Amino acid sequence: MVKWSIRVLPFLYMALIWGLSSMPADAVVELPDLAVDRFIKESMHLIEFGILYVLLVLAALTAVKLTPGVNILLAVIACFYGILDEVHQSFVPYRSATVIDAVKDITGVAVCWYFISRALFYGRFKRLGKLLGFFSRAKRKS
């Protein structure tokens, strides 16, 4: 059951991203200080699609042997979803889409990809590798 929950998480998260980007930027939360509000929301681009990539990796670890090629494919999927989200936002009233936002989305994915690929395939970041190994073992147990 846990294995299937992990596999569904990326899709639920993608639906959440789509739903939130369908609303005006201040629909969910607006901080009293506009500068802080803008800074936090712009910073979210750096982590939002990095999280999606991590969820895709965790789901993949419960289903297949994660190879460097599969890992890159998952990063590309997360990046393309970030670009798709920017295009989607360009059609939503009170939202905007910029190339710099897409670059921030891709940067977030790239940072997470770096750490995960080094942990899984190069023996770096031992604690992260051990944590990711837990999800890989969950595949074998079920």
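The values are calculated or read from the model by the stated rules, or taken from the named source; none is laboratory data. Keep in mind the model is a prediction, meaning the values are calculated, not measured. Neighbour counts are summed over all protein chains in view; Cβ atoms, including those assigned to glycine, are modelled from backbone coordinates with ideal geometry.
Taken over segment 96-127, the criterion of being of a type outside the set (A, V, I, L, M), part of a helix (DSSP H, G or I) and closer than 23 Å to Gly19 by Cβ is satisfied by Asp101, Lys104, Asp105, Gly108, Cys112. Taken over segment 22-41, residues that are modelled with pLDDT of 70 or more and part of a helix (DSSP H, G or I) amount to 1.
Quick grid of which residues meet (1) in a helix (DSSP H, G or I); (2) free of Cβ contacts under 8 Å to residues at least 60 places away in the same chain; (3) within 17 Å of Ser21 (Cα to Cα); (4) more than 13 Å from the chain's Cα centre (by Cα):
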{"position": "Ser43", "(1), (2), (3), (4)": "yes, yes, yes, yes"}
{"position": "Ala78", "(1), (2), (3), (4)": "yes, yes, yes, no"}
{"position": "His88", "(1), (2), (3), (4)": "yes, no, yes, yes"}
{"position": "Tyr94", "(1), (2), (3), (4)": "no, no, yes, yes"}
{"position": "Gly129", "(1), (2), (3), (4)": "yes, yes, no, yes"}
{"position": "Gly133", "(1), (2), (3), (4)": "yes, yes, no, yes"}
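Report, by residue number, each residue of segment 116-137 that is surrounded by fewer than 16 Cβ atoms within 10 Å (Cβ to Cβ) and either at pLDDT 85 or above or not aromatic (Phe, Trp, Tyr) (or both). Answer for segment 116-137, where residues must be surrounded by fewer than 16 Cβ atoms within 10 Å (Cβ to Cβ) and either at pLDDT 85 or above or not aromatic (Phe, Trp, Tyr) (or both): Arg118, Phe121, Tyr122, Gly123, Arg124, Lys126, Arg127, Leu128, Lys130, Leu131, Gly133, Arg137.
Here the condition is being surrounded by 13 or more Cβ atoms within 10 Å (Cβ to Cβ) and either part of a helix (DSSP H, G or I) or at pLDDT 85 or above (or both); of Gly19, Gly50, Gly69, it holds for Gly50 alone.
The one condition from (1) under 23 Å from Val2 (Cα atoms); (2) modelled with pLDDT under 95; (3) touching an Asp or Glu at 6+ places or on another chain (Cβ under 9 Å) that Asp85 does not meet is (1). Restricting attention to segment 53-66, the residues that are among the β-branched types (Val, Ile, Thr) and assigned to a helix (DSSP H, G or I) total 2. Val109 meets all of the listed conditions (1) of a type in the set (A, V, I, L, M); (2) at pLDDT 85 or above; (3) out of contact with any Cys (no Cβ under 6 Å at 6 or more places or on another chain) but one, namely (3).
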